[in-house]
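Where a number appears in this text, it was derived from the coordinates with a stated rule and is not lab data. Note that this is a predicted model, so its numbers are computed, not measured. Note: ideal-geometry Cβ built from the backbone for every residue, glycine included; neighbour counts use all protein chains shown.
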Amino acid sequence: MNALKDLRTLTSACLLAVGGLCASNADASVVIAGTRVVYPAQQQEVTIKLTNDGQTPALTQVWLDRGDPDAAPSTIDVPFTVTPPVARIDPGKGQAVRIIYTGEAMAQDKESVFWFNLLEVPPKPGADAAGTNLLQMAFRTRIKLFFRPASLKAADAATAPAQIRWSPVKDAGRDALQAHNPTPYFVSFASIDVSAGGRTARFTDGGMVAPGETRAFALQGDVPTTSMAKVNYHAINDYGGPIDGEAALSGQGASKGLAP
C-alpha cells in the first residue's frame, strides 16, 4: 500500500531500472466504461464499470476530486462515498465501482462537477524477471462526474449547447471566441470553429463552459467577424456521444481574459 500511496497524485509514473530498458506496452490495461458520469440526485447510487483488457492482474485505486488533479485523496472532501476504493482486477474480468451521494448540501438550481480518478498500478515483477531491466508504469485516468439536481431534466441537457451565445472578443490583441452559457448545465465541447467567406478559425483543444459562465476560447486561423459568420461546434452529450450544431455570432463582446 505504501507504493500505491506514493503514486496517488501522479498522472503517470515510471519506475525505471538503471541500465537498459525492456518494455512491451505503454497503454493502460484497465478501462472505464464511458467518458463521463451523470449522477441524478434522485438516485441512491450510480455504478461505474471497470474492465481489465490486459494480460496481467491490475491493482486499482479510485477516488473523486473537486477539480484539483494534484490533491491527495486523503485531503479531499467530497459529498460521495466510492466503494471499493482499492481492488484487484484479473485479466478479462471487471469491477463495479459504486458512487453514493452522502447527502451534503449542493446547488439545486444547477449542476455541480467533480472528477472520477482511476489509478492503475501494475503487479510486481515475478521471480523470473530477476536481473531484467523493466519499465513499469502506473496510469491515471480522470473523467468528469456531473451531479444533476432532481429539478433538472436529462432531455434539457441535450439542448443546452444550442443555447450558448457566441461573440468575437479580443484578448491582448489576439482573436478569441466568447461563449456565454445561460443554462444550468455544464456544456463540454470537443471542437469549435467560426467561418465565413472561405475563412475559418478553430479551437480544437476541447473545453467546458459552466452554468452561467462566460469564457473565451483562443482561436487559431483567420477569424471572420462579419454578421454572416457561423459557429460550428461539436459538443458532448451525457453518454459521450456528439451533439453537432451551428450558431450565429451575437455581436462584438467585451475584452476577456482567456480561460485556461
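Observations on the structure shown:
- Modelled spin labels at Ser191 and Gln163, positioned 7 Å past Cα toward Cβ, are 2.7 nm from each other.
- Taking each residue as 0.36 nm, the span from Gln220 to Asp238 lengthens on full extension beyond its C-alpha to C-alpha distance by 3.7 nm.
- Highest to lowest packing among 230-242, 84-96, scored as the average C-beta count within 10 Å: 230-242, 84-96
- Peptide ranges 203-215, 44-56 listed from the most packed, as the mean C-beta count within 10 angstrom indicates: 203-215, 44-56
- Considering only Ala176, Phe203, Phe189, the residue lying farthest towards the positive end of the dipole of the range 143-231 is Phe189, judged by Cα position with unit charges set on Cβ.
- For the range 176-232, the relative contact order comes to 44 percent (Cα pairs under 8 Å, sequence separation of at least 6).
- Modelled label positions at Glu213 and Gln55, each set 7 Å beyond Cα in the direction of Cβ, lie 4.2 nm from each other.
- The calculated FRET efficiency for the pair Arg98 and Ser250, based on their C-beta separation and a Förster distance of 51 Å, comes to about 0.70.
- By other beta-carbon atoms within 10 Å, ranking Ile99, Ile76 with the fewest at the front produces Ile76, Ile99.
- Between the range 69-99 and the range 184-216, the Cα center-to-center distance that results, in Å: 32
- Gain upon complete extension [Asp68, Arg142; 0.36 nm per residue less C-alpha separation]: 25.5 nm
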